[in-house]
Amino acid sequence: MTDSLIHLPAVCFVWQIAMIVLFGVFIRYNPESDAHWVEHMRTENISSDIENDFYYRYPSFQDVHVMIFVGFGFLMTFLKRYSFGGVGFNFLIASFGLQWALLMQGWFHFLDHSTGKIYIGVENLINADFCCAGSLIAYGALLGKVSPVQLMVVTLFGVTLFAVEEYIILHLLHCRDAGGSMVIHAFGGYYGLAISWVLYRPNLHLSKRLNGSVYHSDVFAMIGTLFLWMFWPSFNSAITDHGDGQHRAAINTYLALASTVLTTVAISSMSQKKGKLDMVHIQNATLAGGVAMGTAAEFMISPYGSLIVGFCTGIISTFGYLFVTPFLENKLKLQDTCGVHNLHAVPGMLGGFIGAIVAAAASEEVYSREGLIDVFDFEGKHANRTVGTQGGYQAAGTCVAIAFGLVGGAIVGFILKFPIWGDPADDNCYDDEVYWEVPEDEETIPPVLEYNNHMIHKHQDM
Amino acid sequence: MTDSLIHLPAVCFVWQIAMIVLFGVFIRYNPESDAHWVEHMRTENISSDIENDFYYRYPSFQDVHVMIFVGFGFLMTFLKRYSFGGVGFNFLIASFGLQWALLMQGWFHFLDHSTGKIYIGVENLINADFCCAGSLIAYGALLGKVSPVQLMVVTLFGVTLFAVEEYIILHLLHCRDAGGSMVIHAFGGYYGLAISWVLYRPNLHLSKRLNGSVYHSDVFAMIGTLFLWMFWPSFNSAITDHGDGQHRAAINTYLALASTVLTTVAISSMSQKKGKLDMVHIQNATLAGGVAMGTAAEFMISPYGSLIVGFCTGIISTFGYLFVTPFLENKLKLQDTCGVHNLHAVPGMLGGFIGAIVAAAASEEVYSREGLIDVFDFEGKHANRTVGTQGGYQAAGTCVAIAFGLVGGAIVGFILKFPIWGDPADDNCYDDEVYWEVPEDEETIPPVLEYNNHMIHKHQDM
Amino acid sequence: MTDSLIHLPAVCFVWQIAMIVLFGVFIRYNPESDAHWVEHMRTENISSDIENDFYYRYPSFQDVHVMIFVGFGFLMTFLKRYSFGGVGFNFLIASFGLQWALLMQGWFHFLDHSTGKIYIGVENLINADFCCAGSLIAYGALLGKVSPVQLMVVTLFGVTLFAVEEYIILHLLHCRDAGGSMVIHAFGGYYGLAISWVLYRPNLHLSKRLNGSVYHSDVFAMIGTLFLWMFWPSFNSAITDHGDGQHRAAINTYLALASTVLTTVAISSMSQKKGKLDMVHIQNATLAGGVAMGTAAEFMISPYGSLIVGFCTGIISTFGYLFVTPFLENKLKLQDTCGVHNLHAVPGMLGGFIGAIVAAAASEEVYSREGLIDVFDFEGKHANRTVGTQGGYQAAGTCVAIAFGLVGGAIVGFILKFPIWGDPADDNCYDDEVYWEVPEDEETIPPVLEYNNHMIHKHQDM
C-alpha cells in the first residue's frame, strides 16, 4: 500500500469497536424479533406467527442483500486488474456501512424517546442495506482511484448524509420513495460525482493501460448486472406496504427493466459503425429502468406506464455512456469510472420527478379512497394533503437529495484531498497490486515435467 | 455485424413500442396488485395481507427469474469466445419474450371478456418467465449460429406458438403440467431442433476452432448449471396449488435432481477410457431430472418414484450427449450446439409420458377424494373424468407439444433462411467479434514500465 | 483416473440404487406435503394454506441450498487448476449426501414407530442439506488430494456419524444448535482434519506448482464466499422456531458477519509488510462469524453481543490462516488445503462454547417465562432444567461433536489409506487433469486466418 498516515487496520478496529459500544448503548430487538413475541402476539391479538413481519419481508431482504454484495460487487469487477478491489472493497465498506446505517437511521427514524433505544427488525436490515447502497454507488465513480481508507471515509459520511436527507425527504417533506430513486440513487450518484470531481487527476492517463476490461472480467461483471436486474423488483418492493403495495411495486419494476433492455440494445447497436453491441452499455444501462422506477413503483403508474419509463431511461442512460461521460471527463474534469452519472444520478433524478408526476396525477377513482390514503400515507397531520401538493413535495425531495449529494460530496472530496490517505499514484490506478497480494498470472503455470525437473535441479544444486 | 436488411435497433424499437401500445390497451393490475386491494379484502372476506398471492409465490418467482437470466444465460457461456452472446442475447430475448408472453398468455388464458382487459399478478409473471423458457431452450440449439435479429424472431414466434399449444394442452385437453415437461421443455426442445435442422450449415467446420470451451468458460457455465439445478424445485412448484401442491412439487424435484447427478457422473466416467468426467455432461445432463419431473412433480409420485425418474433420465441424457448428438449431426444434418435434444426435448417428452402414467395410476386411497379433485382439477365439466382418461389426455398433450415444436420450428426455420437477417458466415460462427465490441485478450496487458516508456516515446515522436 | 479397484461408476450406480430401495421402504410425504393436506387442515383446525410449513421455511431452504452447492462449490474453485474438481465433486457428494442424510436423520429423529416410515417435508430437506455440509467441510481439508470415490466414502461415513452425534447432542443431551456450530462446523472441521492427518503426504511439495490461485480463480472463489456470507442468516435461522426465533437468528447472524469482515481486513492488512490484503483471508475468515453464531443466533445474545462474536472470530480465524495452518502442516504433518481448521473447526468449537455461555446467562427477565421455555424447549422431561444446567449440556455437546469428528475422521482416514481408491499421485495433486477431460488453454485460440490456412493445407495434404 502506498504511504498512508491513517492505516486501514486502525480504522477497521477503532470503528468496529465504536460500533460495538454504540450498539450496546442503543440497539435492541424489536417486538417481532424479541423472545417476548409470544406475549406480544397475545397483547396485540396477532393470530399467527406468519403475521410476523419476517415472513412478509425476509425473501425481499435476501434479494436486496444479494444486490448489495454480489450485484454491486461483481458489477465492479469489469476492470482487467481491479476485480479484487471491486468486489473486495465493496464487501468491506458495505459491512461497515450497514452497521453505521442501523445506528444513523435508528437515531433519525426509529428512536424510542421513552427508553432511548432503537428497536430493530428485518425492515431495519433492509433499510441499512439501502443506506449502504448510496455509498456503494459513490464508489462506482471512484473505482480504482482511491484507497480503502478513503472508501471507509466516503461510507462514514455517505451513510450520515443519507440518514439526514432521508429524514428530511421522508419525514419532514413526507415524500414516498420506496425504492429510493431520490434518497438512494440521485443522492448516491451525485455524491460520488462530486467527490470524483474534487479528486480530479490530470495525469490519470498514466494508468490508461489498466482502465478497461478483458474478456472474462466482462463476463464476471455480467454476474453483477444480472443479479441487480433480476432482484430489482425485490429492491423496489422490499419496504412498501404489505399486500398490494409490495405486489404492485414488483410488477412495475419487472416491466420497466424488461423495456430498458430493448432500448439499451437498440442505442448501443446504433452507436457503432457495424452495429456491434458494447458490453459497458449492456452491463449498466439495462439497469436504469429499475433506478427510475424507485419512487413510482408502488404507485398506480399502470403496466404500460412502467414500460414507458423503462423505454426512455434505457435510451437516456445509453446516450449518457456514449456522450455525457466523455464530455464530463474532457470538459468538466470529472472522471467517473463506472459511469454512475448515467446509471444512478440521472435516472435517479428522473425517477424522483416521475414519482412527483405520478403522485400528482393520482385520483380516488384509480386508487380508491382507502388506497390513496394507504399509498401516500395521508394520515395524521398529512390527512388533508392533496395529491397535487404531494407531487410538489416529491419534486422538492428530489432536489434535496441532489443538493445533499453535491454539497456533501464536495466537502468529503476536499477532506479526501489531504495527503494522508494513501491513495494510489497516477500510474498505479486501477491496479490491484497496490492493495492486494496478487497471484501469478495464468500463463505462468509451468508444465509438470519442466517444473519438476527444475525442482530436481534446485535440490541437486543445494 | 454482417450485412442485415433488418436492423437490430429497428426491431428493438418497433417491437418495444408495440408492447407499450398493447399493454396500454390490454394490461391492468389484478385485484391483488391493485390499490383497491383493501376493498377487495373486505368484499372477499380475506383476513390478512399475508393471503395475497404475492406471499405464496414471490419467492418461487424470484428463483424462476434467476433460472431464466442467470441459469440459462450462464449455461450458454461455455463456448470459449461466445460468452457475451450466450448471456447477452439470452438477456435480450428473455426481456422481450416476457412482455410478449404476458400479452399472448393473457389473451388465451386470462382475458376478462366483460372488460376486454388482462389483469396481471405475480402468477402471470411466473408464467411469462416460463413462456420465455421455451424460446431460450430453442436458443440453445442455435447458439453461435444466428444473429440477434433472428433470435428475436425465434422468440416472437416461439412465445406465440407456446401460448397456443399451452391453451390446447392445459385448457382444451385439461392436462396438468405445472413444471412444463410438455409445454416448456418438449415444445422448446423440438422447436429449437427443427429450426436448427432447417438452418443446417454444411460448412460449419470452418468455425470448429471456436466450437469448444476453455477452462474458465467451463467454470462460468457451472454457475448457470447450479442455479438451474438448485432452483428447479421452485420452477416445478411455482404455480402448483397452494399448500401441499407447492410443498410436494419442491420435494419431488429436489430428489429427482439429486439422483440424476449420480447417474450422470457414472455414465460420463464410464464413457471415457480413463474414467475421466466430461464437463459437458456435468453441466447439462445433471439437469434432466428436473425436466422430467415437470409434469409429475405435483402428483403423488412418492419420493422413491422421484429418485427413479432422476436415475433413468440422468442415464438417458448422458447417453444422448455421447451418442445421439453426434448421430444427429452426422446423419440427420442437425447441429445442436448445446445438446437441447438430450436436456430438454427427450427428457421433456419422457416427463410428459411419466406424468401420464402417474396420473393414470392415481387413486382416492393415495390422494384422498378431495386431494384427487384438487390435484387434477376434476371440477366443472371435468368433474366426471377418470384418472385413466386423464392419463390418456396427458399423453395426448405431450404429442401436441412435440408437434407444435416440430412444425412451428420448421416454419420459423424457413422464415429465418431468407438472406436478410445478418446471420454470421460459416467461418464466423461461435464468435462474439461479429456482434460485440470485444476487449483485448488477457495476455496483452503490458507491464507498467514498458507501457509508460512506450507512451513516452510516442509523445516524443509527436 | 489413476488406478482404482473401486470404480466411480460402480459406486454411483450401486449406492443410488440402494437409495431408491431404502426410500421405497422408508420415505413418505408428511401431512404438509401429502395430498391429504386438505383433510389434515380440517382435522387440525388449520385456517389457511399459508400455515403450511412450506411458507415459513422454503425461502430459507433455497438460500441454504445455494450455500451448499454454489457457496461451498465455488469457494473451492480458488485453485488454479482444480476448479472443476472443487465445484464438480462438491456437486456429486452433496447430491449423494442429501439422500443418505434424509434416511439417516429420518431413522434417528423422524421415524414413526407405529408405521416404520419417515415422513418428510421442507424441514427435512433443510436438515439434509445441513447434514451434507459436514462432509463438504471435510472436503475442504482434502481438496485436491483425494479421488471422487474417496469423497463418496467420506460422505457416506460423514453423514452417518453426523446423524449419530446429532442424535446424542440434540436429543439425548437436549442441546440447542440451530445453525450447527457444534453438530455441523466443529464436527465437520475436525472430521476433515483427522482424515487429512491420516492421509498425510510427505511428498506433496511435488504438486506445489498447482497449490495456489490465479487471478480469475480467486474471483470465482469470491462468488462462493459472498453467497455463503449473504445467506448465512438464512442458514442459522432456517430451522429455528417460527416467529421471533427465525427473525432473531437472522438479525444476529447478519450483524456478526458484518463485524467479522472488518477485523478480518484489519488483521490481513497488518500481517503484510506493505499492508496489502490477502484474498485467502477475505475468502474465508470473513465467514467465521457465521460459524460462531450457529448455536447462539436464536438466543437473546443481543445485537452488540453478535458484533462482539464476529469481532473476535474474524481475528482468530485470520490469525489461524497466518500462523496455525503453517504450524499444522510443518509440525503436526496436517495438510489442510482450504484451512477448514480456521474457518470451521475452531469457530465451530467457539460457537459451541459461546452458545453454552449465552444459554447459562439466560433469564426470565430477558426472555419472558414463555420465551425461555420456547427457546430452550424446557418441556416434557426437560421442564425443570435450569439455564445453568442447559449451559453445561451445551458445552458437553460441543465436546461430543469434536470427539466424533476426531475419532470418526481417524477411522475413515485409515479406511481411505488402502491403495484401492485411485487417489492421485503426489505430483498430480490439485490437478483436474487426473479426473476430468480438461479443455485447451485460453492462449491457444488460434486467429481465424492462420487456423483456416492450416486447415486448407491439411486438406491439400490429404
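The values are calculated or read from the model by the stated rules, or taken from the named source; none is laboratory data. Since the structure is predicted, the reported quantities are computational estimates derived from the model, not experimental observations. In this analysis, Cβ positions are derived from the backbone assuming ideal geometry, glycine residues included, and neighbour counts consider all displayed protein chains. The accessibility values were calculated without ligands, DNA or RNA, using every heavy atom of the protein model including side chains. Shrake-Rupley method; radii C 1.70, N 1.55, O 1.52, S 1.80 Å.
About its Cα centre, what dipole magnitude does the range A:1-160 give when the only charges are +1 on Lys and Arg Cβ and -1 on Asp and Glu Cβ, stated in debye to the nearest 20?
Using only the charged Cβ atoms, the result is roughly 800 debye.
When the solvent-accessible surface of protein heavy atoms is calculated with a 1.4 angstrom probe, in what order do B:PHE157, A:PHE13, A:PHE96 fall, highest first?
From most accessible down to least: B:PHE157, A:PHE13, A:PHE96.
Could you work out the mean count of beta carbons from other protein chains within 10 Å of each residue's beta carbon in C:308-316? Present the calculation step by step, with values, prior to reporting the outcome.
On the way: counts 5, 0, 4, 5, 0, 0, 2, 1, 0.
Neighbouring Cβ atoms belonging to other protein chains average 2 per residue here.
Using r as the Cβ-Cβ distance of B:ILE6 and B:LEU111, and R0 as 35 Å, what FRET efficiency do you calculate, to the nearest 0.05? Walk me through the intermediate numbers first.
Values: r = 31 Å, r/R0 = 0.88.
Efficiency at R0 = 35 Å is approximately 0.70.
Could you work out, residue by residue across C:144-155, how many beta carbons of other chains sit within 10 Å of that residue's beta carbon, and then give the average as an integer?
The mean count of partner-chain Cβ atoms within 10 Å per residue comes to 1.
Considering the alpha-carbon set of the protein assembly as shown alone, what are its Rg and its Dmax in angstrom?
Expressed in Å, the Cα Rg and Dmax of the protein assembly as shown come to 29.5, 92.
What does the copy distance list look like for C:GLY392, label position 7 Å along Cα→Cβ, in nm and ordered from shortest?
Between copies, matching label points for C:GLY392 lie 7.3, 7.3 nm apart.
Cα axis of helix C:244-270 to longest principal axis of chain C: angle in degrees, 0 to 90, nearest 10?
Approximately 40 degrees, to the nearest ten.
Any idea what angle helix B:122-142 forms with the longest principal axis of chain B, computed on alpha-carbon atoms, 0 to 90 degrees, nearest 10?
Roughly 40 degrees, rounded to the nearest 10.
Along the charge dipole of the range C:1-52, pointing to its positive end and built from +1/-1 on Cβ of Lys, Arg, Asp and Glu, which listed residue (C:HIS36, C:SER48, C:ILE17) has its Cα farthest out?
The residue sitting farthest along the positive end of the dipole is C:ILE17.
Starting from the Cα of B:ALA361, step 7 Å along the direction of its Cβ; do the same at B:SER47; then give the gap between the two resulting points in nm.
Distance between label points: 3.9 nm.
What percentage of the solvent-accessible surface of the protein assembly as shown, computed with a 1.4 Å probe over protein heavy atoms, is contributed by carbon and sulfur atoms?
Summing carbon and sulfur atoms, their accessible area is 62 percent of the total for the protein assembly as shown.
Return the long-range amide H neighbours of A:ILE27 (sequence gap of 5 or more, or a different chain), with a cut-off of under 5 Å between placed amide H atoms.
For A:ILE27, whose amide H was placed from the backbone, the distant partners under 5 Å are A:ILE118.
With a 1.4 Å probe and all protein chains in place, put A:GLU379, C:GLU32, A:GLU440, C:GLU165 in order of accessible area, largest first.
On the way: A:GLU379 100, C:GLU32 45, A:GLU440 80, C:GLU165 0 Å².
Sorted by accessible area, descending: A:GLU379, A:GLU440, C:GLU32, C:GLU165.
Pairs of lysine in the range C:61-417 with Cα under 20 Å and at least 8 positions apart or on different chains: total?
Counting lysine pairs in the range C:61-417 gives 9.
Residue by residue, what Karplus-based ³J(HN,Hα) values in Hz, rounded to whole numbers, does the range C:235-242 have, using 6.51, -1.76 and 1.60 with θ = phi - 60° and x for Gly and Pro?
Whole-Hz 3J(HN,Hα) from phi for the range C:235-242: 4, 6, 10, 4, 10, 6, 4, 3.
From Cα pairs below 8 angstrom and at least 6 apart in sequence, can you work out the relative contact order of chain A, rounded to a whole percent?
Relative contact order here is 23 percent.
Shape of the range B:138-258 from its Cα gyration tensor (a ≥ b ≥ c, root eigenvalues): rounded if a/c is under 1.5, otherwise prolate when a/b > b/c, or oblate?
Oblate, because a/c is 1.5 or more while a/b does not exceed b/c.
Order the peptides A:295-302, A:199-206, B:56-63 from the highest to the lowest mean number of other Cβ atoms within 10 Å of their residues.
Descending packing order for the listed peptides: A:295-302, B:56-63, A:199-206.
Taking a label point 7 Å from Cα toward Cβ, how far is A:GLU44 from its twins in the other copies, in nm, shortest first?
Here A:GLU44 shows inter-copy label distances of 2.5, 2.5 nm.
For B:85-93, what's the mean count of beta carbons from other chains sitting within 10 Å of each residue's beta carbon?
5
Using the crude model of +1 on Lys and Arg Cβ and -1 on Asp and Glu Cβ, and no other charge, please compute the dipole size for chain A relative to its Cα centre, in debye to 20.
1320 debye
Can you sort C:ILE239, C:ILE93 by solvent-accessible area, 1.4 Å probe, largest first? Before the final figure, lay out each step's value.
Details: C:ILE239 40, C:ILE93 5 Å².
Greatest to least solvent exposure: C:ILE239, C:ILE93.
Of the listed peptides B:72-83, A:327-338, C:117-128, A:387-398, what is their order by residue-averaged count of other C-beta atoms within 10 Å, with the highest listed first? Kindly include the intermediate steps, with their values, before the conclusion.
Details: B:72-83: 26.4, A:327-338: 17.2, C:117-128: 23.0, A:387-398: 20.7.
The densest-packed peptide leads the list: B:72-83, C:117-128, A:387-398, A:327-338.
Tell me: how much accessible area in total is hidden between C and A, 1.4 Å probe, Å², nearest 100?
Separately minus together, C and A give about 7200 Å² buried.
Angle between the Cα long axis of helix C:346-360 and the longest principal axis of chain C, 0 to 90 degrees, nearest 10?
10 degrees
Which value, in Å², gives the accessible area per residue of chain C when a 1.4 Å probe is used on the protein heavy atoms?
Averaged over the residues of chain C, the accessible area is 30 Å².
Would you work out which of C:SER269, C:ALA296, C:THR240 lies farthest towards the positive end of the dipole of the range C:179-317, given +1 charges on the beta-carbon of Lys and Arg and -1 on that of Asp and Glu, about the Cα centre?
It is C:SER269, whose Cα lies furthest towards the positive end.
Kindly report, to the nearest 10 Å², the accessible surface of C:TRP15 as traced by a 1.4 Å probe over protein heavy atoms only.
50 Å²
List the distances, in nm to one decimal, from the label point of C:VAL21 to the label points of the same position in every other copy, shortest first, placing each label point 7 Å from Cα along the Cα-to-Cβ direction.
6.7, 6.7
Compute, for C:MET270, the solvent-accessible surface of its heavy atoms (probe 1.4 Å) with the complete set of protein chains present, and express it in square angstrom to the nearest 10.
Around 120 Å² of this residue is reachable by solvent.
In C, who owns the beta-carbon nearest the axis carrying C over to A, and how many Å from it?
Value returned for chain C: C:PRO59, 3.
Short version: ³J(HN,Hα) in whole Hz for each residue of the range B:34-44, in order, from phi by Karplus 6.51 cos²θ - 1.76 cosθ + 1.60 (θ = phi - 60°), x for Gly and Pro, what are they?
Values, residue by residue: 8, 5, 6, 3, 4, 4, 4, 4, 5, 4, 8 Hz.
Over the Cα atoms, compute the radius of gyration (one decimal) and Dmax (the largest Cα-Cα distance, rounded to a whole number) for the range B:61-417, in Å.
That works out to 19.3, 67 Å for Rg and Dmax.
Do you know which residues of the range C:60-79 lose at least 30 square angstrom of accessible area in the protein assembly compared with their chain on its own, with a 1.4 angstrom probe?
Listed by number, the residues meeting the 30 Å² cut-off are C:GLN62, C:HIS65, C:VAL66, C:PHE69, C:VAL70, C:PHE74.
List every residue whose amide H lies under 5 Å from the amide H of A:TRP436, counting only residues 5 or more places away in sequence or on a different chain, with H placed 1.01 Å from N in the peptide plane.
For A:TRP436, whose amide H was placed from the backbone, the distant partners under 5 Å are C:LEU277.
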